[in-house]
Amino acid sequence: QVQLVESGGGLVQPGGSLRLSCAASESISSFSIIGWYRQAPGKGREPVAIILITRGGSANYADSVKDRFTISRDNAKNTVYLQMSSLKPGDTAVYYCNAYRQQLGAPYSYWGQGTQVTVSS
């Protein structure tokens, strides 16, 4: 069973920065997509930033975080990062790591337990 373990969340003031980490229990190159989602109180889960591993590792970002967040990966450590800068109160949410792949034609989507990010003065 694939395990994804997030870390790095916390309380930060508006305008501040945080870096989230997602450590996978197996090679992240075995997935076709890996990335970050978030869920704010009373709202649905939404994509934040993903890496399309099978498409040359290109990254896609939600419009709300473009130019503020950067997703990256360290293949040797099986870890994906989300560098968040210029944080706003609207970024407050539980952030989840997700990894997706298909095996024998069946989709498999794996989630971490989430890490809380609170942006407040």
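Applying a threshold of 6 Å to beta carbon distances and a minimum spacing of six or more residues, or different chains, the list of pairs starting in segment 1-13 at a residue that is closer than 18 Å to THR79 by Cβ and ending at one that is open to solvent by 20 Å² or more (accessible area, probe 1.4 Å) and in a loop (DSSP other than H, G, I, E, B) reads VAL2/SER25; GLN3/SER25.
Residues in segment 62-93 that are open to solvent by 20 Å² or more (accessible area, probe 1.4 Å) and touching a Pro at 6+ places or on another chain (Cβ under 9 Å) were compared, and the one that is farthest from SER29 (Cα to Cα) is PRO89. Summed over segment 43-66, the residues that are out of contact with any Phe, Trp or Tyr (no Cβ under 7 Å at 6 or more places or on another chain), modelled with pLDDT under 95 and not in a strand (DSSP E or B) give a count of 4.
A search for C-beta distances below 6 Å between a residue of segment 16-40 that is within 17 Å of GLY57 (Cα to Cα) and among the polar types (S, T, N, Q) and any residue that is open to solvent by less than 50 Å² (accessible area, probe 1.4 Å) and assigned to a helix (DSSP H, G or I), counting only pairs 6+ apart in sequence or on different chains, returns SER32/ILE53.
Scanning segment 1-22 for residues that are out of contact with any Pro (no Cβ under 9 Å at 6 or more places or on another chain), open to solvent by 40 Å² or more (accessible area, probe 1.4 Å) and not polar (S, T, N, Q) returns VAL5, LEU11, GLY15, ARG19. Can you tell me which residue within segment 67-118, out of those that are part of a strand (DSSP E or B) and among the basic types (Lys, Arg), is farthest from the chain's Cα centre (by Cα)? Only one residue fits best here, namely ARG101.
Output the residue which, of all residues in segment 23-54 that are charged (D, E, K, R) and over 14 Å from the mean Cα position of the chain (by Cα), is most open to solvent (accessible area, probe 1.4 Å).
LYS43
The values are calculated or read from the model by the stated rules, or taken from the named source; none is laboratory data. Please read all numbers here as calculations on a predicted model, not as lab measurements. No Cβ is skipped: glycine too gets one built from the backbone with ideal geometry, and neighbour counts run over all protein chains shown. Heads up: the accessible areas ignore ligands, DNA and RNA and are worked out on the full protein's heavy atoms, side chains in. Shrake-Rupley method; radii C 1.70, N 1.55, O 1.52, S 1.80 Å.
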